[in-house]
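Nothing in this text is a laboratory measurement; each read-out follows from the coordinates by a stated rule. Bear in mind that the values here come from a model prediction, so they are computed numbers and not experimental data. Here the Cβ is made from the backbone with ideal geometry for all residues, glycine too, and neighbour counts use every protein chain on show.
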């Protein structure tokens, strides 16, 4: 299920009528550049591939909004997940004191 605005979209994955994963994409204000925000999978549903499925849905939503580049930040333990998904490391772009990894991916073509 998706909820859209002109500047972003939120995606939720449901199992048996219950939201078990969600995350969004929003504009960073630069033409074609979006940011993945608040990806989350219910702990009891982790390890089932929902994170990868959710990220794929978020990337599709981003492409539908006209974004050609996606950026994100995350804590260290999740960096490998995003590296495997094609997000290359970039410099800190937002000053998030809780992040230890910043990544970027060109949609439709791998790492930036």
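Points worth noting:
- Overall form of the stretch 2-106 per C-alpha gyration tensor (a/c, 1.5; a/b vs b/c): oblate
- From the alpha carbon centroid of the stretch 54-112 to that of the stretch 19-40 is 9 Å.
- When 68, 74 are arranged by Cβ crowding within 10 Å, least crowded first, meaning fewest neighbours, the order is 68, 74.
- Gyration tensor (alpha-carbon) shape descriptor, the stretch 43-91, a/c threshold 1.5: oblate
- Each Cα pair under 8 Å and six or more residues apart adds its sequence gap; the mean of these over the residue count of the chain is a relative contact order of 20 percent.
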